[in-house]
Every structure is written in structure tokens, then in C-alpha cells.
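What follows is a short report on a single structure.
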Amino acid sequence: MEGGVRWSVSTWRQGVPAAASDARGTVLDRVAARVVARSAGRVRVGIDGLTAAGKTSFGHELALRVSALGRPVLRASLDDFKRPWAERHLYDRMSGEGYYRNAFDYDAVVRLLLEPAGPSGSGACVLCAIDPLTQRGHRDVISVAAPDAVLIVDGVFAFRPQLNNHWEVRIWVDVDEATSIRRGTSRDSAREGAAAEALHRDRYLPAERIYLAEVDPLSLVDVIVDNTTFDEPRLLRGG
């Protein structure tokens, strides 16, 4: 527990951003108030958007704001529910199409996380099924969602049909494709080297385009945040 938030045990977790600008703080406060007002019982919040749109940062900041309003918060990421790399020979995960169809274990997301954290669930949640970096399984690490807990989960493809009915609040963090590639390349260059841009342009972006075409996630969401300028986000819907 840190800052009133129960965080995933994943080593993939990035740090909480520095103190928000006044404009960003205003947006976060408005979204946090909307989340808390949704129900006095458990609330599950999904945060989606293009790769490197700023979903994780927004989720971290929102978690702290919701906690400050007096609600217990659990924080998770869909990245911690990907299929293990040891099984990658069984399916295509490298192409855009393969990444979209095969990378995530949606059954595990629902069974281990979203159903238990739901309004009528047991409360016994797994916040990380498998660590993306170490590939260590953490399904035995249980976090208990209180009756009034708010679960905040970020990740691409969060509103696919397999998951969409398991959210009380749906948030889209919006940037354009060029910004997604630029930010993602910058973020991942230390790990991927010269291959970082191709990874985003040839795998992640094509996967996102399939998702947008098949699911039309923006038609499903309650809140849209334009996150093009980090210190000056704008609420486009749900403000």
C-alpha cells in the first residue's frame, strides 16, 4: 500500500509523474470526482488509448486523486496479463494483427481481476498474472478489494468485447498516431535500440488500427481526455 493505493507487484510499473500542472490537476480532479460519484460500491475504471498516449501516467495520477477523496484504490495494468513469452511459438504475436488477436489473456483478466473486483465479486483480486519483464507468475498474490474500492486499470484494447461489460467507467486518453509513435519510440529506445520506431510503426500502430475499425472504442467511452500536451490536457467528453 502506498499513498492509499494498492499497486501491482509487477516490475514493469513506471513511477508516478511529478506534481501536476494546475491545468492537469483540474482535469484529474474532475475525472476523479466523476469516478467517485459513479457508485458508493465498487467501481472498475478502464483507461484506454493509443500506445504511449499517457494511459499509465493518467492512471497513476487518477488513483492518487481518487484515494485522496477517501476511496480505497487498486491499480493494475493489462500489460501484466499478457500471454507468457515461452508460449509465443504457438501463435503470432509479432505482427500487428497477431499482437491484437493473441498477446493478451483476456480470460485471465476477467477471471482473476475484473469479476472479483466487480460490485458483486468476491473482492479477492490478482493485480498481476505474469510480470512482463521477469516472466514470473504472480497469480498467488491476492489483493482484497473493499466493498467501496475503485479499481483502475490501464491498457490498450481495454474495451474489446471480452472486457467491455466489466467497466463502470471508461476513459480514453487521446493523442494522434504521430504523437503515439514519437512518444513510444522515445520511451522504448533504451530497451529496443534502433528497432523501437519500427516496433511502434509496424506492430503497435497496425494493431490499434484494427481495434479502432472493429470496436470503435470512442463510441463506448464516458470520458475523453486530449493528452497531446501533457501539462495542458483537455476534457473532450465527460467533463
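Any chance you could list P(r) for the chain, counting all Cα-Cα pairs in 10 angstrom bins from zero, rounded to whole %?
8, 33, 39, 18, 2
Show me the three semi-axes of the equivalent ellipsoid for the range 37-126, from the C-alpha gyration tensor (sqrt of 5 times each eigenvalue), largest first, rounded to whole Å. Could the numbers behind the result be given before it?
Values: eigenvalues 161, 57, 19 Å².
In descending order, the three semi-axes are 28, 17, 10 Å.
For the peptides 10-16, 29-35, what is the packing order when you average, over each peptide's residues, the other Cβ atoms within 10 Å and list the highest mean first?
Numbers: 10-16: 14.4, 29-35: 19.3.
In decreasing order of mean packing, 10-16, 29-35 become 29-35, 10-16.
Determine the relative contact order of the chain: mean sequence separation of Cα pairs under 8 Å and six or more apart, normalised by residue count, in whole percent.
Relative contact order for the chain comes out at 29 percent.
Which value, in Å² and to the nearest 10, is the accessible area of L218 when all protein chains are kept and the probe is 1.4 Å?
Per-residue accessible area (L218): approximately 60 Å².
Roughly what % of Cα-Cα distances in the range 150-208 sit above 18 Å, to the whole percent?
Here the tail beyond 18 Å accounts for 46 percent of pairs.
Which residue fluctuates most in the GNM of the chain (Cα springs below 10 Å): V173, V215, V156?
Between V173, V215, V156, it is V215 that shows the largest mean-square fluctuation.
Report in % the part of the accessible area of the range 71-228 that belongs to carbon and sulfur, leaving out ligands and nucleic acids; probe 1.4 Å.
Ligands and nucleic acids excluded, carbon and sulfur give 51 percent.
What number, rounded to the nearest 500 deg cm²/dmol, is the helix-based mean residue ellipticity at 222 nm of the chain, given -39500 (n - 2.57) per DSSP H run of at least four residues and division by all its residues?
One gets -9000 deg cm²/dmol as the mean residue ellipticity at 222 nm.
Name the shape class, rounded, prolate or oblate, that the alpha-carbon gyration tensor gives for the range 92-134, where a ≥ b ≥ c are the square roots of its eigenvalues, rounded holds for a/c under 1.5, and otherwise prolate holds if a/b is larger than b/c and oblate otherwise.
Details: a/c = 4.87, a/b = 2.05, b/c = 2.38.
Cα axes put the range 92-134 in the oblate bin.
The values are calculated or read from the model by the stated rules, or taken from the named source; none is laboratory data. These numbers come from a predicted model, not from an experiment. All Cβ positions, even for glycine, are placed from backbone atoms using ideal geometry, and neighbour counts span all protein chains on display. We work out accessible area using only protein heavy atoms, side chains counted, and drop any ligands, DNA or RNA first. Shrake-Rupley method; radii C 1.70, N 1.55, O 1.52, S 1.80 Å.
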